[in-house]
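Every number here is computed from the coordinates shown, using simple stated rules; none is lab data. Computed from a predicted structure; not experimentally measured. Cβ sites come from the backbone with ideal geometry, for glycine too, and all protein chains shown count toward neighbours.
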Amino acid sequence: MEQHSDTFLDNASEALKNTGQAERRDKIALFASQIRTAAIDSFEGFDDLRHHVKKIRQHSLDNLDYYLSQFEKEAVHNGNQVHFARDSEEFNSLVLDICQQHDARRIAKGKSIVTEETGLNSFLQSAGLNVMETDLGEYIIQQAGETPSHIVSPALHKSANEIRELFQQKHDLGHRELQKTSDLVAEARNVLREHFLQAEVGVIGANALIAENGYSMLVTNEGNGDLCANLPKVLIICTTIDRVLPRAEDATAMSRLLARSATGQPHSCYTSFYSGPRREGEIDGPLETHFVLLDNERSNILSSDYREILECIRCGACLNHCPIYTSVGGHAYGSAYSGPIGSVLTPLLTSLEQSHLLPNACTSCGRCAEVCPANIPLPDLLRDLRHEEGIKKLSAPRWRYGLKLHSWLARHPSIYQTLTATSIRILHRLGRKRGGFSRLPFTSGWTSQRDFPAPQENTFMQLYKAKMKQNNER
Amino acid sequence: MNEQHHDQSPPPQRMRVSLFVTCLADLFRPSVAFASIKLLEQAGCEVMVPLQQTCCGQPAYNSGDYEATVPLAQQVIALLETADYVVVPSGSCAGMICHHYPKLLQGEWRDRALKLAAKTFELTVFLKDIARIEPQRNNPPSTLSVTYHDSCAGLREMSIKEQPRQLLRELCGIEINELEQSEVCCGFGGTFCAKMPEISGKMVNDKLDHALATGAKILAGGDLGCLLNIAGRAQRLGQEIEVRHIAELLSGDMDTSPIGEGR
């Protein structure tokens, strides 16, 4: 995965400078949270369902080897080929091999964040293949040469105007102006339809693998996944090993949480199950189907203290409700996964050294955990990563030592109280007239954005002790 | 966990309360602690202030320095565990004691942390739900236009939402002029605001905009961290909105200057 998380602060700063985009992000965030709330308020069993699904996810992960083997056996029985990839390189090579076995030149691709993680597109393209994204959002960012800014809505950062300009640049439009949003959608549909018909291989993702029958489940709103799956001769389903669930009804239970949490819909427009290649007597469907299942550190995460992150169902609610994500947008995170889920997952998939700023992009406000349909304690996991950051001495020394000094002082009340009494008195004298400071030593982060309010005259402890003494003397 | 003693109406004997002042009230705004004492006494409590208190350990804990936090948490537990009740004028410090100490500690210390958690309450929750303070009329005048910032830890860890609003109604006759997106973080986040100042600046600016849009004269809240952040931003921009802790308003203390205003 190409990654720029080490420059998170610069990326964020750049993003904040574009005030038009920042305003759009605020509006989208408000809208996303309103439609989620409306969907969940009108669905009584949400909390029960989320506990139910959490138990199933935990059980599946506890017995991942068992359910993966069962899935593999059933999927093979249905005529699929199942491949396991240890890392991104193996994964990309496996997909390329399949394409080359069929002399494929054109690939029609459904949305798959896993293939963003592995960098599949650029890998296939550098081998001379023509890869066309067919999810509208993915298609837009592919045309623009950008990466997704959201795990569910990859082109969330693009306005209709920007998309119009993009199409004017990239498509041969003649005199057509694409004034309405529906014109833009129709334009993309026309271009993509041709590609669906010409592609030799379809590549799609999966929201769940079902162990009991060897099927995979995919939810989409555009139906492009089904066209990718059914029109080309060969279908490749790409996902990660942690997506497996025991039964079909577990997958549908999860999908009821997913759609409501992601887009406020009771169901996605399309919920599809893929069983395998075309059988004798059937008139359509692929002739050959493959599952390529990526590990890429997930086995290690499973045996770590961060295993709950594997219970994520990729709804994007934590992104939509994170005040940091909605302030700076997804690109600032420099990773395929952004927002709170990305800030946990990215360091685990790559390294904390490259991405230790991400777990710090958190105020512990707890909104992500509140809305997470998988009940993942994201703020706790982020804090645990900050703990690791400290142990590895990746954080700035002035913070590490400053906080150690503060804790030491707080453990020595008489020194602490003497020292604070004096400092507070000085601060008060200096700041009392104006009420605060626009600059103060050691507080540049604070004072770059706001004044430092002056304290009242004395510490409480000083005043309270004096009052006690007075009372005793009386 | 915080359900005990609900059936005492009114409490038969004086409740003995230990006040955990919090480091920000101790250092920046003693008036918050004095207002808390006044309110607790009005609610019929006997208030003690353990003198050896400093800080609950959030700065180190939130930064992930668990090793530095453990001894501090143990110190706070040893200091407060003999109390009948512990009251804290801050949702985040109360959350630290009630939820994070038990997560952080193990074995015997975890049991002691859980016992302390069961009798520790944030101020407005304690006044409203436990001590059941009688409706009475403190200043300030009910004509004041007040908006309220729900601090994240108070809201999500300690379920503080209605209590401050009910108390303002019952003790001051004030109806809150609600600000938009009141449940979104103000951008304080402890060390976050200094580590990622630009993002924090954007967040506090949004919060201030929403507060100003209500036309309220006063912004109240239950956590000094958030209030210092919002007041500091208002000060920087020269915006005239008074920022005060809910305890000050409830106790009728309008003489003390608002946060960040000179005199």
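Of interest is the spacing of the C-alpha centroids, which for the range B:138-183 and the range B:44-75 amounts to 26 Å. In this structure, the amide hydrogen of B:Glu46, modeled 1.01 Å from its nitrogen in the peptide plane, lies closer than 5 angstrom to those of B:Met15, B:Arg16, B:Val17, counting only residues at least 5 positions away or on a different chain. Find the Rg to Rh ratio for the range A:348-474, where Rh is the Kirkwood radius over alpha-carbon pairs and Rg uses the same atoms. Checking Rg against Rh, the ratio lands at 1.10. Here the range B:15-130 is assigned +1 on the Cβ of each Lys and Arg and -1 on the Cβ of each Asp and Glu. Its dipole about the Cα centre then comes out at about 140 debye.
Descending by average beta-carbon neighbour count within 10 Å, the peptides A:179-190, A:64-75, A:321-332 line up as A:321-332, A:64-75, A:179-190, the highest first.
A simple count of charges around A:Lys27, restricted to other residues whose Cβ falls under 13 Å of its Cβ and scoring Lys, Arg +1 and Asp, Glu -1, yields -2. For the protein assembly as shown, the residue among B:Ser182, B:Cys23, A:Ala15 whose Cα projects farthest onto the positive side of the dipole built from Cβ charges is B:Cys23.
Principal-axis analysis of the Cα atoms of chain A puts helix A:88-101 at an angle of about 10° to the longest axis. Between B:Leu237, B:Leu72, B:Leu155, the residue with the greatest mean-square fluctuation in the GNM of chain B (Cα pairs under 10 Å linked by springs) is B:Leu237. In chain A, the longest principal axis of the Cα atoms and the axis of helix A:64-77 are about 20 degrees apart. Our note on the geometry: Cα centres of the range A:1-66 and the range B:201-241, 27 Å apart. Straight-line cross-link partners of A:Lys109 among the lysines, defined as a Cα under 23 Å from its Cα and at least 8 positions apart when in the same chain: A:Lys158, A:Lys170, A:Lys233.
Annotation: aspartates and glutamates with alpha-carbon distance below 20 angstrom to A:Lys55 (same-chain offsets under eight excluded): A:Glu44, A:Asp47, A:Asp65, A:Glu212, A:Asp242, A:Glu249, A:Asp250, A:Asp305, A:Glu308, A:Glu311, A:Glu370, A:Asp380.
The convex hull drawn around the Cα atoms of chain B, when projected onto a plane and averaged over every direction, covers 13.3 nm². Here is the list for the range A:400-450: chymotrypsin sites (Phe, Trp or Tyr not before Pro) lying in DSSP coil, each with at most 10 other C-beta atoms within 10 angstrom of its C-beta, are A:Phe442. Relative contact order of the range A:411-473: 36 percent, from C-alpha pairs under 8 Å at least 6 residues apart in sequence. Inter-chain Cβ neighbour count for A:403-416, averaged per residue, equals 6 (cutoff 10 Å, partner chain atoms only). For the peptide A:457-466, the mean number of other protein chain Cβ atoms found within 10 angstrom of a residue's Cβ is 6. Couplings 3J(HN,Hα) for the range A:186-199, derived from phi with the Karplus relation 6.51 cos²θ - 1.76 cosθ + 1.60 (θ = phi - 60°), are 5, 4, 4, 4, 4, 5, 6, 4, 4, 5, 4, 6, 8, 5 Hz, where x marks Gly and Pro.
Of interest is the spacing of the C-alpha centroids, which for the range A:149-184 and the range A:312-374 amounts to 27 Å.
Farthest towards the positive end of the charge dipole of the protein assembly as shown, among the residues A:Gln168, B:Ala211, B:Met48, is the Cα of B:Met48, using unit charges on the Cβ of Lys, Arg, Asp and Glu. Derived scalar couplings between HN and Hα for the range A:316-327 equal x, 4, 5, 5, 4, 10, 8, x, 7, 4, 6, 7 Hz in order, rounded to whole Hz, by the Karplus curve 6.51 cos²θ - 1.76 cosθ + 1.60 (θ = phi - 60°), x for Gly and Pro.
Please list the helices of chain B that count as membrane-span-like by this rule: a mean Kyte-Doolittle hydropathy of at least 1.0 together with Cα atoms stretching 20 Å or more along the helix axis, each helix being a complete DSSP H run. It would help to have the intermediate numbers written out before the result.
Details: long enough: B:66-80 (21 Å, 1.04); B:197-213 (23 Å, -0.35).
Answer set is B:66-80.
Please work out the FRET efficiency for the pair B:Lys217 and B:Leu51, using the Cβ-Cβ distance as r and a Förster radius of 35 Å; give the result to the nearest 0.05. Given R0 = 35 Å and the Cβ-Cβ separation, E is 0.45.
Checked against a 31 Å cut-off, the cross-linked pairs A:Lys467/B:Lys119; A:Lys111/B:Lys207; A:Lys54/B:Lys115; A:Lys404/B:Lys115; A:Lys111/B:Lys103; A:Lys17/B:Lys161 give Cα-Cα distances beyond that limit for A:Lys111/B:Lys207; A:Lys111/B:Lys103; A:Lys17/B:Lys161. Placing pseudo-labels 7 Å out from each Cα toward the beta carbon at A:Asn472 and B:Glu175 gives an inter-label distance of 5.1 nm. Remark on chain A: A:Cys99, A:Cys228, A:Cys238, A:Cys269, A:Cys312, A:Cys315, A:Cys322, A:Cys362, A:Cys372 stand apart, with no other cysteine beta carbon under 4.7 Å. With neighbours defined as other Cβ atoms within 10 Å of a residue's Cβ, the residues A:Arg298, B:Arg132, A:Arg386 order from fewest to most as B:Arg132, A:Arg298, A:Arg386. Between the beta carbons of A:Asn18 and A:Glu165, assuming R0 = 22 Å, the FRET efficiency works out to 0.90 to the nearest 0.05.
Amide H to amide H, with H built 1.01 Å from N, B:Val86 comes under 5 Å of B:Ser18, B:Thr120, B:Phe121, counting only residues 5 or more places away or on other chains. For chain A, the relative contact order comes to 19 percent (Cα pairs under 8 Å, sequence separation of at least 6).
Using Cα springs under 10 Å in a Gaussian network model of chain B, which residue among B:Gln52, B:Gln235, B:Gln136 shows the largest mean-square fluctuation? Taking springs between Cα atoms under 10 Å, the residue moving most is B:Gln52. Amide H contacts of A:Phe291 (H built 1.01 Å from N, in plane; Pro and chain starts excluded): A:Gln81, A:Val82, A:His83, A:Ile237 sit under 5 Å, all sequence-distant by 5 or more or on other chains. Rounded to whole numbers, the Karplus 3J(HN,Hα) couplings from phi for the range A:219-232 are 10, 9, 10, 10, x, 5, x, 5, 5, 4, 7, 9, 8, x Hz, using 6.51 cos²θ - 1.76 cosθ + 1.60 with θ = phi - 60°, and x at Gly and Pro.
Taking B:Ile246, B:Ile77, B:Ile37 in turn, the Gaussian network model of chain B (Cα-Cα springs below 10 Å) assigns the largest fluctuation to B:Ile77. Among the lysines, which have Cα under 24 Å from the Cα of A:Lys469 when same-chain residues fewer than 8 positions away are ignored? Of all the lysines, those that pass the test against A:Lys469 - Cα under 24 Å, at least 8 places apart if same chain - are B:Lys38.
If R0 is taken as 41 Å, the Cβ-Cβ distance between A:Val76 and B:Glu240 corresponds to a FRET efficiency of 0.05.
Helix A:19-41 axis versus longest C-alpha principal axis of chain A: approximately 80°, rounded to the nearest ten.
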